[in-house]
Every structure is written in structure tokens, then in C-alpha cells.
1. May I ask you to list the residues in the stretch 40-62 that are open to solvent by 70 Å² or more (accessible area, probe 1.4 Å) and of a type in the set (S, T, N, Q)?
2. Going through the stretch 63-90 one residue at a time, which ones are touching a residue at least 24 places away in the same chain (Cβ under 8 Å), open to solvent by 60 Å² or more (accessible area, probe 1.4 Å) and of a type outside the set (Lys, Arg)?
3. Among the candidates 55, 142, single out the residue that is touching a helix residue (DSSP H, G or I) at 6+ places or on another chain (Cβ under 7 Å) and not basic (Lys, Arg).
4. Give me the strands (runs of 3 or more DSSP E) completely within the stretch 1-101, filtered to those with at least 2 residues that are modelled with pLDDT under 90 and not hydrophobic (A, V, I, L, M, F, W, C), ordered by residue number.
Amino acid sequence: MPAFVRRCVTLASTLFVTAACYHATIETGAKPSDTVIQKDWASGWVYGLVPPDVVASASKCPNGVAKVETQLSFLNQLVGFLTLEIYTPMSIKVTCAATGTADASHIAPDVSVAATDGQDAVNAAFQAAVNRSSETHTPVVVQVK
């Protein structure tokens with residue numbers, strides 16, 4: 001076997017063996033529930049420039065989302081390679097948030113303003129909240145009624 005061919009086979013084998021799977025996770029901080037939406041072959045196109053369709057989680061996750069994971073598995077990458085990256089599938093997994101994780105009704109507002117008072121009053125309320133937060137270095141809750 002010629003040296004050039006051996007080098008090419010060695011390089012191809014090394015790239016194949018060391019190919020890593022892309023994996024990204026976004027966590028919102030909400031407590032996860034048992035409800036999971038899984039889409040194993042979400043279709044992307046042209047190196048991912050045209051992303052997959054949006055995963056419809058609003059109707060299935062009434063309390064919001066706890067975690068979103070995207071992954072390019074070995075098979076996803078193989079299909080992308082075979083199609084010259086024209087078709088680039090990926091796996092998407094959405095974990096819904098548990099009940100009560102997004103409830104802030106028990107928190108008393110620090111600044112309150114009525115929406116009927118007009119835009120200037122609302123702006124002034126938010127400016128007061130910014131000033132208070134800047135002085136105290138703590139979050140300030142604003143309620144617009």
C-alpha cells in the first residue's frame with residue numbers, strides 16, 4: 001500500500017474515531033417535571049443555517065420550560081456528511097417545568113403604579129425601581145396594575 005494511501009486511511013480513521021457529538025443544554029432554573037417533549041430528527045438545512053421548526057411546548061408545558069437540550073448525535077452528523085451538510089438533522093429534548101415554579105404572586109411589589117396613570121407614570125415607576133436597585137444592590141419588584 002503506498003504511503004499516501006496509508007496516510008489518508010490513518011487520517012480518515014482518526015477523524016472518524018475522534019468525532020465528538022455536539023451537545024448544548026439550557027437550564028432556566030425552574031424545577032423540572034416528568035413531561036418531556038422529544039424530537040429525535042428535527043430537520044435543519046444548509047449547515048444549520050435554516051434551523052429546525054420550533055418545538056411547540058407552550059400547550060404541553062403550561063408552567064413553562066425547565067430545560068432544553070440540543071444534540072448532534074453520530075448518526076445526525078453522518079447523515080449531514082452524506083448529504084454534504086444540505087440536510088443537517090439534530091435531536092431536541094424539552095423538559096417542562098413543574099407546577100408552581102413560575103408563581104410570583106406571593107411576592108409583594110416594591111414599586112406599584114396603575115397603567116391608567118399614563119406612560120409617564122409607568123416610566124417614572126421603573127426609573128424609581130432602577131434607582132432603588134442601584135442603591136441597595138438588590139432586585140426590586142415592579143407591579144403595573
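1. 59
2. 71, 74, 77, 86
3. 142
4. Because the criterion is at least 2 residues that are modelled with pLDDT under 90 and not hydrophobic (A, V, I, L, M, F, W, C), the strands (runs of 3 or more DSSP E) in the stretch 1-101 that meet it are 22-27.
The values are calculated or read from the model by the stated rules, or taken from the named source; none is laboratory data. Every value quoted in this text rests on a predicted model; they were computed, and no experiment measured them. As a convention, Cβ positions derive from the backbone with ideal geometry for all residues, glycine included, and neighbour counts pool all protein chains shown. Keep in mind that these areas ignore ligands, DNA and RNA; they rest on the heavy atoms of the full protein, side chains included. Shrake-Rupley method; radii C 1.70, N 1.55, O 1.52, S 1.80 Å.
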